[in-house]
1. Explain nothing, just the number: relative contact order of the chain, from Cα pairs under 8 Å at least 6 residues apart, as a whole percent.
2. Take the Cα atoms of the chain, find their three principal axes, and give me the spread along each one in whole Å, biggest first.
3. Starting from the amide H of residue 183, placed 1.01 Å from N in the peptide plane, find each other amide H under 5 Å away whose residue is 5 or more places distant or on another chain.
4. In region 31-125, which trypsin sites (Lys or Arg not before Pro) are in a loop and have at most 12 other Cβ atoms within 10 Å, using DSSP for the loop call?
5. I'd like the Karplus ³J(HN,Hα) series for region 201-216: coefficients 6.51, -1.76, 1.60, θ = phi - 60°, whole numbers in Hz, and an x wherever there's a Gly or Pro.
6. How would you rank 115, 141, going from fewest to most other Cβ atoms within 10 Å of each one's own Cβ?
7. With both partners inside region 3-248, how many of the DSSP beta bridges are antiparallel, as a percent to the nearest 5?
Amino acid sequence: MSAFLFGIVCLFPPQQNHSAAVVSDFDLEGVAIFQCQCTAHACPCQKNGAPTHGTCEAADFVHIRSGRYGKTRLDGLNAAVIGNLVDQNKSRLYATIYIDEKADPAQRAALNSIEQFLNGAYETSSQQASRVKVVAITFSESLDKTFYEIEIPGVLHEQTILKRDASGKPVSNETAMDSWANREHYADNVKFEYHDKQSRKAWDHSGGYANVKYFHLTKKMYDDKEMLGQYGDFSGHWTSEQLALIHKQRLSE
């Protein structure tokens with residue numbers, strides 16, 4: 001059944017001017033999962049390159065374990081941004097924000113503000129989402145944190161496997177450009193199916209690229225220019241600013 005039966009379309013107006021938007025202080029901890037159409041374990045966008053296929057049909061999901069936007073608590077809520085999220089041809093960029101229906105009005109506004117802010121801060125493909133929907137979002141995580149499943153009924157179904165070594169640590173540890181963290185873990189994209197009738201967008205990129213992040217993100221980190229995504233240029237290699245940040249944060253190149 002379609003999520004649009006209980007979704008609310010354009011509940012919030014899109015931010016037309018990111019630089020003019022007033023964004024409250026936020027402090028968030030949680031897990032984020034990104035899937036896209038690129039080759040498994042080999043998405044060039046993560047390393048300041050251009051998308052393999054020109055477009056980046058992707059879903060950027062977040063589960064906030066604990067956190068706040070201003071004084072508004074966001075514990076346990078979910079959100080996702082889905083669309084062509086990275087592209088050298090900016091005219092092709094588009095995104096829809098899906099917000100957890102469990103959120104109250106203040107929380108919905110907060111999640112929208114955060115997602116719009118992060119979407120606009122990614123240097124190579126800054127944009128504001130033109131459509132925002134409130135939907136049911138289910139998120140499950142196995143006890144050993146190796147299997148993740150996300151579903152928006154009738155719209156999105158994702159399954160991701162994160163491989164861990166004998167000690168329980170993720171096998172993959174990558175320095176990367178990402179909205180939520182500067183380090184991520186490559187994962188196996190088991191299922192990535194998307195179908196939004198209203199936006200007339202649909203794909204099945206199961207078997208493509210996926211990563212998982214366990215993050216602690218604050219607005220101050222963006223204000224202080226501490227995120228690698230703020231310095232991207234599609235060159236295919238780290239910029240001097242990114243290298244300086246990598247060395248400062250003692251990340252691997």
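1. 23 percent
2. 47, 41, 35
3. 176
4. Answer in residue order: 71.
5. 10, 7, 6, 9, 10, 4, x, x, 7, 7, 9, 10, 10, 10, 10, 10
6. 141, 115
7. 95 percent
Values in this text are rule-based calculations from the coordinates and carry no lab data. This one's a predicted model, so the numbers in the text were calculated from it and none came from an experiment. When we count neighbours, we look across all protein chains shown, and the Cβ atoms used for this are built from the backbone with ideal geometry, even at glycine.
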